[in-house]
Amino acid sequence: MNLHEYQGKELLKSFGVRIQRGIVAKSAKEAVDAAKQLTSETGTSWHVIKAQVHAGGRGKGGGVKLAKNLNEVEEIAGQIIGMNLVTPQTSAEGKKVHQVLIAEDVYYPGDSEPDEYYMSVLLNRSTGRNMIMYSTEGGMDIETVAEETPHLIFTEEIDPALGIMPFQARRVAFNLGLSGTAFKEMTKFVTALYKAYVESDASLFEINPVLKTSDSKILAVDSKVTLDDNALFRHRNLAELRDLREENPIEVEAGALGLNYVDLDGNVGCMVNGAGLAMATMDLIKQAGGEPANFLDVGGTADAARVEAAFKIILKDPAVKAILINIFGGIVRCDRVAQGVIDAYKNMGNIEVPIIVRLQGTNADIAKELIDNSGLDVMSATEFQEAADKVQKVLS
Ligand code: GDP
Ligand code: MN
């Protein structure tokens, strides 16, 4: 589950991570009130207005703007709220902005130039340990930094039993070229950030940029926070922060039905039991000249009700030109799945796309007979290749 920037920042703050302060607003009027309140709390009269959508690169898309007085706050907030923000990370239609964060301007002039860094915390799957990834090249796309100047990206691996050690926090500050107050601030920042990551059961923190202000404070200007869905039951207060408007509506519906569904761009819908077989099926579809329209794992209990629910979800995608059902009957018997497919098909009545069913495992022969004798427009296959050939045939 992803959080909005403002939610992520509140989470960081609760763990003692210094942040650029701000207040979220749903209208231009609320934005002005927020700016007034921030001015009374922070003394600054300049504010940044930041679109709150689940996508990065907002600055490049015109979703982050500086306002130098209350009139500008009202005008800019009015422009951004309700717009479809297009960024390098959204689709061409963009994402609708429902709210903005009014934040204090933290790039004020002073003794030194403000400086931006990059910092993320994530799991290194090859070592099985969390790591802090950081760079002097803040505010930039980290993929570009990795490609063009990989020597400017540093990592610090954390021993899960020890947590982040003081020498490690100092090494981070040192590699970022800091000294004096900023050095101490950075060690506090990274230590608190790591604690926040572990204790909130996050799977990704990305703070880009981390800012050194002109008076040597270190703070989070942006926050991208992804929480581990499987741990949300331990964090009821965080689970409540979910914003369904930001998620794919078909995926939300599938999730509520207990189906493991990921929407993709292709034209062949697939219904499979087990994630590994689902991946193999997607490969099969590609080899047959199609493109998978989705990943869908119906799980171990592929009864009629589940098959029907899965059909409905797949058919919500107008790009689907064929459906491939590939189910291995290990625990569940193939004839029961076949009956489920037939029942679901009859119940739904008006399925207009061709369906290819490959059932393999217990009672596969009985299942094939059931499908072949059902009188429905469903093609059966027993071998993987046979299924691929049939997909190819209906697509051409
Ligand atoms: P992103 O584009 O979605 O990653 O959004 P960010 O929160 O990273 O903001 C984009 C850019 O806006 C940052 O890299 C900063 O350069 C700029 N920015 C953010 N906060 C301030 C601020 O308080 N003052 C000024 N002048 N610029 C800011
Ligand atoms: Mn950013």
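Which ones in segment 219-265 are open to solvent by 70 Å² or more (accessible area, probe 1.4 Å) and under 30 Å from A182 (Cβ atoms)?
Filtering segment 219-265 for residues open to solvent by 70 Å² or more (accessible area, probe 1.4 Å) gives 224, 229-230, 233-234, 236-237, 240, 242, 244-245, 249, 253, 256-257, 260, 265.
Matches in segment 219-265: K224 only.
Anything in segment 46-58 that is within 16 Å of ligand 2 (Cβ to nearest atom) and either basic (K, R) or farther than 13 Å from L101 by Cβ (or both)? List them, or say none. Walk me through it before giving the result.
Initial filter on segment 46-58 (within 16 Å of ligand 2 (Cβ to nearest atom)): 48-58.
Correct list: K50, H54, A55, G56, G57, R58.
For L204, only one of the following conditions fails: (1) within 16 Å of ligand 1 (Cβ to nearest atom); (2) farther than 21 Å from R236 by Cα; (3) out of contact with any Asp or Glu (no Cβ under 9 Å at 6 or more places or on another chain). What is its number?
L204 satisfies all of (1) within 16 Å of ligand 1 (Cβ to nearest atom); (2) farther than 21 Å from R236 by Cα; (3) out of contact with any Asp or Glu (no Cβ under 9 Å at 6 or more places or on another chain) except (2).
Can you tell me which residue among E156, E185 is charged (D, E, K, R), part of a strand (DSSP E or B) and at pLDDT 95 or above? Working first, answer last.
Details: E185 fails: part of a strand (DSSP E or B).
Unique residue meeting the criteria: E156.
Checking the conditions here, which among V341, V320, V332 is in contact (Cβ under 8 Å) with a residue 12 or more places away in the chain, in a loop (DSSP other than H, G, I, E, B) and within 19 Å of E369 (Cα to Cα)? Working first, answer last.
Values: V341 fails: in a loop (DSSP other than H, G, I, E, B); V320 fails: within 19 Å of E369 (Cα to Cα).
One residue alone meets the criteria, V332.
Quick check on A367: is it open to solvent by less than 10 Å² (accessible area, probe 1.4 Å) and touching a Cys at 6+ places or on another chain (Cβ under 7 Å)?
On the way: open to solvent by less than 10 Å² (accessible area, probe 1.4 Å): yes; touching a Cys at 6+ places or on another chain (Cβ under 7 Å): yes.
Yes: the conditions hold for A367.
How many of the residues making up segment 90-124 are among the basic types (K, R) and either within 11 Å of ligand 1 (Cβ to nearest atom) or surrounded by 17 or more Cβ atoms within 10 Å (Cβ to Cβ) (or both)?
Summing the residues that are among the basic types (K, R) and either within 11 Å of ligand 1 (Cβ to nearest atom) or surrounded by 17 or more Cβ atoms within 10 Å (Cβ to Cβ) (or both) in segment 90-124 gives 1.
Which of the residues spanning segment 169-181 are open to solvent by less than 60 Å² (accessible area, probe 1.4 Å), part of a helix (DSSP H, G or I) and touching a helix residue (DSSP H, G or I) at 6+ places or on another chain (Cβ under 8 Å)?
Of the residues in segment 169-181, the ones open to solvent by less than 60 Å² (accessible area, probe 1.4 Å) are 169, 172-173, 175-176, 178, 180.
Applying the additional criterion that residues be part of a helix (DSSP H, G or I) yields 169, 172-173, 175, 180.
Once the filter is applied, which keeps residues that are open to solvent by less than 60 Å² (accessible area, probe 1.4 Å), part of a helix (DSSP H, G or I) and touching a helix residue (DSSP H, G or I) at 6+ places or on another chain (Cβ under 8 Å), segment 169-181 yields A169, V172, A173.
Would you pick out the residues in segment 207-233 that are modelled with pLDDT of 95 or more, within 20 Å of the chain's Cα centre (by Cα) and away from ligand 1 (no atom under 14 Å from the Cβ)?
Passing the criteria: T226, L227, D228, A231, L232, F233.
With (1) crowded, with 23+ Cβ neighbours inside 10 Å; (2) farther than 19 Å from N260 by Cβ; (3) at pLDDT 90 or above; (4) not β-branched (V, I, T) as the list, and S380 as the residue in question, which single condition is left unmet?
With respect to (1) crowded, with 23+ Cβ neighbours inside 10 Å; (2) farther than 19 Å from N260 by Cβ; (3) at pLDDT 90 or above; (4) not β-branched (V, I, T), S380 is out only on (3).
The values are calculated or read from the model by the stated rules, or taken from the named source; none is laboratory data. Because the structure is a prediction, the values reported are computed rather than measured. We place every Cβ from the backbone using ideal geometry, glycine too, and count neighbours over all the protein chains shown. Side chains are part of the model used for accessible areas, which takes the heavy atoms of the whole protein and leaves out ligands, DNA and RNA. Shrake-Rupley method; radii C 1.70, N 1.55, O 1.52, S 1.80 Å.
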